[in-house]
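Below you'll find the structure, written out as structure tokens, and then a few comments.
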Amino acid sequence: MKKKIWFMEGLSSQRDIILGVKSFAEKENQDIEIFSSHRNERKEILSVSDFSMIEPNNEEERLSFIHSITDAHGINAIHTGRNCKWFESHRENIQRSGVHLTTGSTGTHWFELADEKVTFSEFMEKNGLPVVPSVRVKNVDELRTLLSHPPFPSDCLCIKPVTGIYGMGFWRFDDNVSPVAFSTILIAVLSTHHSFWLLMPGWTALLHKY
């Protein structure tokens with residue numbers, strides 16, 4: 001029996017996931033029909049599926065859009081990589097027609113936990129999973145102290161926001177690169193007694209091994 005999987009807007013890996021499922025279906029002789037959608041004209045993603053759609057930008061229209069597609073095409077499963085908290089809060093309504101929803105979690109509280117990198121690392125460590133050692137940094141004075149007296153042995157340290165996308169705002173401390181390199185910007189800022197916290201009030205950073 002043919003299975004229909006709908007990959008709604010996700011992260012940059014959405015295309016790779018779709019191609020991976022298509023490869024699996026071909027190798028294992030599985031009859032899988034791929035639907036994909038995005039709020040933007042992402043042809044590199046939409047072009048690799050069997051059917052593609054543009055999602056509404058208005059969040060209030062999302063639920064009716066999902067029901068119209070699942071009812072019209074008999075979708076078996078929906079996978080999403082963005083707006084996951086919204087999807088979890090509407091899970092029961094989305095699944096009422098029998099479609100299976102995958103968000104990477106089973107409740108909004110898990111996304112709140114994962115979004116806070118320090119707390120999430122502590123949670124993983126308590127459950128026996130390997131993590132990169134890290135500490136929370138609240139201001140430039142704490143950062144100076146930690147750089148002078150590293151909380152863990154490491155040849156190289158990096159800093160990033162505690163919350164938000166894991167690859168965003170990633171700076172590396174390295175004394176051995178060119179002074180004009182992006183990875184040395186923070187050191188230059190510190191050396192002139194200015195702080196990037198002035199640019200981002202209330203910002204909390206994460207310092208860890210690189």
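Among the residues of region 1-26, count how many are under 25 Å from the mean Cα position of the chain (by Cα), part of a helix (DSSP H, G or I) and among the small types (G, A, S). Residues in region 1-26 being under 25 Å from the mean Cα position of the chain (by Cα), part of a helix (DSSP H, G or I) and among the small types (G, A, S): 2 in total. For region 16-41, what are the residues that are surrounded by 13 or more Cβ atoms within 10 Å (Cβ to Cβ), touching a strand residue (DSSP E or B) at 6+ places or on another chain (Cβ under 9 Å) and of a type outside the set (S, T, Y)? The answer is I17, I18, V21, K22, A25, I32, E33, I34, F35, H38, R39.
Out of the residues in region 63-94 that are over 15 Å from F51 (Cβ atoms), of a type in the set (G, A, S) and in a helix (DSSP H, G or I), state the one that is modelled with the lowest pLDDT. Filtering region 63-94 for residues that are over 15 Å from F51 (Cβ atoms), of a type in the set (G, A, S) and in a helix (DSSP H, G or I), the one modelled with the lowest pLDDT comes out as S89.
Taking first residues from region 17-37 that are without any contact (Cβ under 8 Å) to a residue 60 or more places away in the chain and farther than 16 Å from A77 by Cα and partners that are β-branched (V, I, T) and assigned to a loop (DSSP other than H, G, I, E, B), the Cβ contacts under 7 Å between residues at least 6 apart in sequence or on separate chains come to L19/V48.
Of the numbered criteria (1) surrounded by 16 or more Cβ atoms within 10 Å (Cβ to Cβ); (2) touching a residue at least 24 places away in the same chain (Cβ under 8 Å); (3) among the polar types (S, T, N, Q), the one S97 fails is (1).
Is it the case, given these coordinates, that N29 is modelled with pLDDT of 95 or more and either over 25 Å from the mean Cα position of the chain (by Cα) or within 14 Å of Q95 (Cα to Cα) (or both)? Considered against the rule, which asks whether it is modelled with pLDDT of 95 or more and either over 25 Å from the mean Cα position of the chain (by Cα) or within 14 Å of Q95 (Cα to Cα) (or both), N29 comes out as no. Looking across region 59-80, the residues that are within 23 Å of E33 (Cα to Cα) and surrounded by fewer than 18 Cβ atoms within 10 Å (Cβ to Cβ) come down to L63, S64, F65, H67, S68, D71, A72, H73, G74, N76, A77.
The values are calculated or read from the model by the stated rules, or taken from the named source; none is laboratory data. As the structure is a prediction and not an experimental result, all values here were calculated from the model. Ideal geometry is used to build each Cβ from the backbone, glycine not excepted, and the neighbour counts take in all protein chains shown.
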